[in-house]
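Have a look at the structure below before the remarks.
The values are calculated or read from the model by the stated rules, or taken from the named source; none is laboratory data. Predicted, not measured: the structure shown is a model, and the values here were computed from it. When we count neighbours, we look across all protein chains shown, and the Cβ atoms used for this are built from the backbone with ideal geometry, even at glycine.
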Amino acid sequence: MRPRVVIIGGGFGGLWAAKRLAKAPVDVLLLDRRNHHVFSPLLYQVATAGLSPGDIASPIRWVLRDQSNLNVWLADATAIDVPGRVVRLTDGEVPYDYLIVAAGSKPAYFGHDDWATHARGLKTMEDAIAMRQQVLVAFDDKRILTYIWDTTAPKGAMQSASSIPFVMMSYWTFIRRGRAFSTYATPRLKSENSSSGSPPMNSTSTRS
């Protein structure tokens, strides 16, 4: 029996690992809690209504359809038994000879987890759809809006820039009612904000 390689996660890391093992003498099992891969660099386009969710998502089985030594399971990994070489799932377990963990990441709030209530992350398709809905509903309610994107990566800067045509094309009546700010984290973030609990205000500003 050939060795079994279990890969947790169908993101960029998981897909890359699976493809690299296409010609290896192993059986590959890829586990993911969703049946599709999301091109995460374009999540901001979904959040600002530039693209629909289907434009940046592809079924994992279709992406890896030509790989004969691979199976894809829709499963949620809950724990790893390293001594027993077993991945525990919500509805069972899977033994492995080799394990690759590529489960992705989650937003970091620099020790201020309470910010998550008001500052949504942008890591999943659900995040993007919820963010888009929140913006659309806010404009329909004719509120005076201020949006802040706190980022150290190009995605946040692009989303901030994308918010301007999003507002202008879709809701030109309320152009003067919205403001968009793009901020970036600094090494002083923890020390300056640990007592106040408020986000940093080192920012570049774009008004729409």
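Just to check your reading of the model, which residue among Leu99, Leu30 is farther than 30 Å from Gln133 by Cβ and in contact (Cβ under 8 Å) with a residue 60 or more places away in the chain?
Working: Leu30 fails: in contact (Cβ under 8 Å) with a residue 60 or more places away in the chain.
The match here is Leu99.
Of the numbered criteria (1) out of contact with any strand residue (DSSP E or B) (no Cβ under 8 Å at 6 or more places or on another chain); (2) modelled with pLDDT of 95 or more; (3) among the polar types (S, T, N, Q), the one Asn71 fails is (1). The number of residues in the stretch 1-22 that are in contact (Cβ under 8 Å) with a residue 12 or more places away in the chain and part of a loop (DSSP other than H, G, I, E, B) comes to 7.
Which one of these is more than 18 Å from the chain's Cα centre (by Cα) and surrounded by 13 or more Cβ atoms within 10 Å (Cβ to Cβ): Arg65, Arg88, Arg120?
Working: Arg65 fails: surrounded by 13 or more Cβ atoms within 10 Å (Cβ to Cβ); Arg120 fails: more than 18 Å from the chain's Cα centre (by Cα).
Unique residue meeting the criteria: Arg88.
Based on this model, can you work out whether Gly111 counts as at pLDDT 95 or above, of a type outside the set (D, E, K, R) and part of a loop (DSSP other than H, G, I, E, B)? When the stated conditions are applied, Gly111 does not pass them. The number of residues in the stretch 71-85 being in contact with an Asp or Glu (Cβ under 8 Å, 6 or more places away or on another chain), among the aliphatic types (A, V, I, L, M) and surrounded by 15 or more Cβ atoms within 10 Å (Cβ to Cβ) comes to 2. Of the candidates Ala49, Ala79, the single residue that is more than 16 Å from the chain's Cα centre (by Cα) and free of Cβ contacts under 8 Å to residues at least 12 places away in the same chain is Ala79.
Would a scan of the stretch 57-75 turn up a residue that is touching a Phe, Trp or Tyr at 6+ places or on another chain (Cβ under 9 Å), in contact (Cβ under 8 Å) with a residue 12 or more places away in the chain, under 22 Å from Gly121 (Cβ atoms) and not in a loop (DSSP other than H, G, I, E, B)? Taking every residue of the stretch 57-75 in turn, at least one turns out to be touching a Phe, Trp or Tyr at 6+ places or on another chain (Cβ under 9 Å), in contact (Cβ under 8 Å) with a residue 12 or more places away in the chain, under 22 Å from Gly121 (Cβ atoms) and not in a loop (DSSP other than H, G, I, E, B). In this structure, Ala116 does not satisfy being of a type in the set (A, V, I, L, M) and assigned to a loop (DSSP other than H, G, I, E, B).
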